[in-house]
Structures are given as C-alpha cells and as structure tokens.
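Below you'll find the structure, written out as structure tokens, and then a few comments.
The values are calculated or read from the model by the stated rules, or taken from the named source; none is laboratory data. Just so it is clear, the structure is predicted and the values come from calculations on it, not from any experiment. Every residue, glycine as well, gets a Cβ built from its backbone with ideal geometry; the counts of neighbours run over all protein chains shown.
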Amino acid sequence: MNKLFAQRRQRHFMLLLKYWRLVFNDHFVIALFFLFGALAYGYSQWLPQLGPNLWWSRWLLVAWFTVLAQLGRLATLLERPDPVFLLPQVKNMQIYMRQAGTYSLILALLMTATGTFVALPFAMTTERLTGTNIALIFLTFLVVKASWLRLAQAKVSQEGRQHLRLLRALQWILPLLVALACWLINPLVGLILAVVIEGATLTRRLTLDWRLAVSAEADRMYSIYRFFNLFTDVPTVQGNVKRRTWANGLIRRLTIAGHPWSYLYARGFIRNTDVSGIVIRLTLLAMVVVFLVPVVWLNSVLAALFIYLIATQLMPLFDQYDGNVFTHLYPVSFAQRQADFQSLLSKVTILVAALIVLASLGLRLNWLQLGINLVISIIEVLLLTRLYYRVRLKKLSEEN
Amino acid sequence: MALEIKNLVGGYSQIPVLKDVTLDVQPGELVGLIGLNGAGKSTTLNHVIGILRPFSGSITLNGLSLATNPEEYKQQIAYVPETPILYDELTLREHLELTMTAYGLDPQVAWKRAHRLLKIFRLDNKLDWFPANFSKGMKQKVMICCAFMTDAKLLIVDEPFYGLDPLAVHDLLDLIEEKKKAGVAVLMSTHVLDTAQKYCDRFVLLAAGKVRAHGTLDELRKLGDRPDESLDEIYLHLARDDQNE
C-alpha cells in the first residue's frame, strides 16, 4: 500500500512522457514557439518604455502573484475505482495523501519559481529591489503556495466538505493579502504574513472525502488531457457539454436542412466545450494579438498563422462520433458525411477569419493593415477549404 | 422473407466468433436469440446492423445486402442497443429530430408517433433535456423511442429489459406486438427467458458461436424429448450438456 503512490506516479510520468513525445512531433508546437518568441520579444521591447513609479505597476504585480498562486494543483493521482477498492485502507490513505501532498508541492514550487522569475524583470524595472528583497519575494510566494496546497487538501477532506466555499475563497484571499503586503508595504512583511498563514493552515489530520477527491483528480487529469488534446487525440477527452441556447441561431445557420451529419456536427461543434472552446480561445487570442501588434508584416504573418492553427484544431470533430454505433447505422453515404463536415469547416473558418481581419484594424484604425490581412485571409481560406480540408479528410477517411 | 443469415462466419478480429450461423426472421415474427455470455448473440446482431463485416456467408434483408445496397439496407433497420448510446451534445428532442433526418422520415408523421411513444414512457416533459444525464432506464427508453419511431422493416433489439421498470417492460412488449402486427420482423437477444417464452414466436439458441438449436418452443421440447419443460429448463439442460462436452 505504501508503494501505491510511487507506482501511480511512475505510471503518471510514463503517460505524460508518451504525450509529450507526441506534442513535440506536432507542427502546432512550431506555431506555439513563434507565439512564445513573439511574447518574449514584446515583453523585452515593452520594459524599457516603462518609467519608475507607475501607479499601476504594483497592482499588476499583486494581481500576477495572486493568480500565480492558483497554478499547480493538488495531484492525488486517485482513480475512479479507488473508493471501492481502497475503501478499507483508512490509515494508509493518510500516508498516501501525504506522499501526494509532497509530490504536488514539488511541482507547484517549480511553477511558482518560474512565474516569479518571469515577473522579476518587470518588478526590477518599476521597483527598487535589492538582492535580499528578491530572495524574500521568492521565499514568500513559495510559502504561500505551500499554504494554498494545504487548503486544497482540506477541500477534499470530510472536515472541509461543509466549508468548500470558504476554502475556495481563502485560496484567493490569502495569496492576495500576502501579495498586497509584499508589494505595497515591504517584502519582509509579506514573508512574515505568509509564515503566519502557513502556521495557521497547518491543521490536524484530515479524513479523505472520496467523492470529492476522486472528482477533483478527474478534473485535474481532464485539464492535462485537454492540453495534450490540442496536439494529439487523447481518447479520454470527450469534452463537457453546455447547452448555449443563445447560440441556437448560429446552430441553425450551420445546419443544412435534411442532412443528418450537418445537424450533428453543428450541434457538436457549438455545444462541446472542447472544440468550440479551443476555437473561441484561439480566435480571441488572435484578435488581441493582431489588434496590438503594430508591425505590419508581423501582424499579417500572425493573422495567417492563427487562421491556420484554428483550422487544424477543427479536424478532430470529424470522427468525434465514430464511437457511437448509430452513426454507422444511418442510411447516409460517407461522401455525404464528408461534404457536410467540409461545409461546417468552411463556414467556421470564414467566420473566424472575418473576426481576425476585423480586429487587425487596431487602435489606430489601420485600414491598410486590414486590407492586407483581408486579401491574405481570403486566399488562405480558399486554400484551406479547397485544398487542406480535402486532403486531411481524405486521410482521415482512409484511416477508417 | 425479411432477414436471412446464411452460413455466417464472423467476429471482431481474425479469429471467428461466429462459426456457420444460419437463421432467418420472417415479417411479423419475433425471434429470440438466446445464449450464454459470450455465445455470440451481440456479435450476430452487430453483423446484421453492419458494424462487423462477415468473413464468409451472407446476410440479406428483403433481398438487399449491405455490400451491394448499403443505404437501402440500412434504411430498413432500426436498432436498440444493449447499453444506451446517446450524443452528449443533443437534447432528447434533437435525438428524435436527428433520427428523423437520418431516416428521411416525414416530420409530421414521425413526431406524431414520437409523442405517443414519449407519453408511454413518461418522457414527454423532458424533450429539452440532455438524455446523456438520464438514468440507465430512461436512456434505454430514449433508444426505444428512436427505434420504434422509424418505418424500419427489421427491428434489432439487444437485451432490452435490463434497467427498465416493470411498467416499461410491459409497454415495450406491447409495442413489439404492435410492430409485429404491422409486418415488422423483430430479432431480439435476451437472457430473460420467461418473458421470451411468452412473447417470442421462435428461438435460436446460440452456443460457442454456433446455432445449438432453433425452432418454436414445442419444437425445442421435442428436440430434447422434454415435453413440459419451460424454455428456461430446456436452455439450462442444453447449456450444461455443452459444458460437459
């Protein structure tokens, strides 16, 4: 039983390794590198423009560190059948949870340290920081993260079950208080406050609440899978479903009357938070990026890149329903299904491209930029719908 | 002749699960497919609905086969699976609408039938819910509504009784009876033998991928020389014989 966590961790690593390998094989990663490069470049260009004593810089730091504390969740590696199979192991589960706590803490501390490291150049430009200050800041937020994880443990315990809302609020409020103390008063005060909070959250033994713990872990794993699902097909990711009644008009527009596959794909696309979620997020991100980037050629390259990226993310929807036996029973030909899917892809891509082009007008109403992006995106959408989708669909259908 | 399976050999991978299965279902007839777990009931049904392709042998439905006329063949089939299978993203109303679109049913006629079925199964106030969140029994009822709403000439029903409340079991049997009267052929796999005995016209007993016995209850009784035994008893005898071999 004591080896269980170690075994699980091992298996978890193998799983992550498997997916990371796939991630680095994907062309999507190249695009992400571009994006990160652009962000890092933008960051370095932005810093020299900042003078000292900006009224908002400290508040930005407070916000950054409060949000940073939320990254890195409690990883228990519990699985759905555990409550049944491990039910008699009451004592040993405490050992298991302690091991899980340590494991999560190491991961979380790495993330916190990275996040702090990213914020430092900004902080050093706008604030006057000594070496001691920097060390204190690192220490403060590492301690904050430890307390945060303890609250996370309480959230999946029988003792914490009645106070879920309070615990959730504390996970935001405590880091916020420490961040305020650290940036508005003094890093030393922040550290003292963090240590006091850490002392207060060091509570007595907690009894695991199976139901909460298993569903929390399932959520966590799901978000990991969802990340990998950006690059490759993860079988366990099916996505959540939201009704989105407000989008009924859009669904109607995407549906071709009398075509069952069109009916299904339109609803699947809008309501499955997986596909539409990534499309919406990428579209918004693209709109913000092309809205802000003033360099004309870079702006156009980014716009084109984003349209392509979003287009690739739509493809998994094609065989989303292969697991459903009824899709094989419908008296509808495969060619019809392909045509219906392609029609959905075209409509969505055109909509996305139009939004991105519109956003490229920017703050300064750069009509030239908009014109260039419009021409590029029209060509790109034509290429995508006439060439890319056709080739990809052909490949997908050969696999079937 | 509605469904005709001749010398079917088939299965999931290279190894055949079904070895030389021959059976038929006539219009207006309910045939019970009976066998132990793993005997090949669902495999047979999966071949009929076209999820699996036969290694050899033929399956024809009113003279049409899946290989030559896939669309016309599928048009004639409605299926109620053993485990309910639903779309996470569709409401109950949309499941019905999708089925109508897929089978090209006239919406007015189909909705009239659908409303009647929904009423029978007490689902008529849940049209805008996502059935993916329903209980097992309610999901099963959704599957039944979708299948029974169509004009299919052949109904494939896989183990329909589990999870259904007694009232729903009764209603389902009534509906099957009604379909039979309309000339629909019904092929049903089940373990609930006393119900099968009462309602099925004929039986096909599968064991280890082969047809162990087939015929009406009387014919089966004659076969084992056990004149007053119930289907349950005949079946147990046959199954035990097989184990001893």
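Checked against (1) away from chain A (no Cβ under 14 Å); (2) over 20 Å from the mean Cα position of the chain (by Cα), B:F134 passes all but a single condition, namely (1). Of all the residues in segment A:201-219, those that are assigned to a helix (DSSP H, G or I) and without any contact (Cβ under 8 Å) to a residue 40 or more places away in the chain number 2. Under the condition of being among the aliphatic types (A, V, I, L, M) and modelled with pLDDT under 80, the residues counted in segment A:7-57 number 11. For segment B:1-26, the candidate set comprises residues that are outside any strand (DSSP E or B) and among the hydroxyl-bearing types (S, T, Y); within that set, the residue that is surrounded by the fewest Cβ atoms within 10 Å (Cβ to Cβ) is B:S13.
Of the helices (runs of 4 or more DSSP H) contained entirely in segment B:27-118, those carrying at least 2 residues that are surrounded by 22 or more Cβ atoms within 10 Å (Cβ to Cβ), at the interface with chain A (Cβ under 10 Å from one of its Cβ atoms) and touching a residue at least 40 places away in the same chain (Cβ under 8 Å) fall at B:92-103. Of the residues A:T232, A:T255, A:T283, A:T327, the single one that is of a type in the set (S, T, Y) and either modelled with pLDDT under 85 or surrounded by fewer than 17 Cβ atoms within 10 Å (Cβ to Cβ) (or both) is A:T232. Considering each residue of segment A:346-369 in turn, none proves to be modelled with pLDDT under 85, surrounded by 15 or more Cβ atoms within 10 Å (Cβ to Cβ), touching an Asp or Glu at 6+ places or on another chain (Cβ under 7 Å) and not acidic (D, E).
At positive phi and in contact (Cβ under 8 Å) with a residue 40 or more places away in the chain: does that describe B:A208? Lay out the reasoning, then the answer.
Details: at positive phi: yes; in contact (Cβ under 8 Å) with a residue 40 or more places away in the chain: yes.
Considered against the rule, which asks whether it is at positive phi and in contact (Cβ under 8 Å) with a residue 40 or more places away in the chain, B:A208 comes out as yes.
Checking each residue in segment A:262-310 for being aromatic (F, W, Y) and more than 9 Å from every other protein chain (Cβ to nearest Cβ) picks out A:Y265, A:F291, A:W297, A:F306, A:Y308. Within the group B:P166, B:P160, B:P131, which residue is buried (at least 19 other Cβ atoms within 10 Å of the Cβ) and over 18 Å from B:K41 (Cβ atoms)? On inspection, the qualifying residue turns out to be B:P131. Every test in (1) surrounded by fewer than 17 Cβ atoms within 10 Å (Cβ to Cβ); (2) modelled with pLDDT of 90 or more is passed by A:V62 save one, and that test is (1). Scanning segment A:249-261 for residues that are outside any loop (DSSP other than H, G, I, E, B) and more than 9 Å from every other protein chain (Cβ to nearest Cβ), we see that the one that is nearest to A:Q336 (Cα to Cα) is A:L254.
Out of the residues in segment A:318-332 that are assigned to a helix (DSSP H, G or I) and within 32 Å of the chain's Cα centre (by Cα), which is nearest to the other protein chains (Cβ to nearest Cβ)?
The extreme case among them is A:T327.
Identify all residues within segment A:338-348 that are within 14 Å of chain B (Cβ to nearest Cβ) and under 14 Å from A:M315 (Cβ atoms); write none if there are none. Reasoning before the result, please.
The initial filter retains those residues of segment A:338-348 that are within 14 Å of chain B (Cβ to nearest Cβ), namely A:340, A:344.
Answer for segment A:338-348, where residues must be within 14 Å of chain B (Cβ to nearest Cβ) and under 14 Å from A:M315 (Cβ atoms): just A:L344.
Screening segment A:1-94 for helices (runs of 4 or more DSSP H) wholly inside it with 1 or more residues that are in the same structural domain as A:M221 (by TED's automatic domain parsing) and acidic (D, E) returns the ranges A:82-85.
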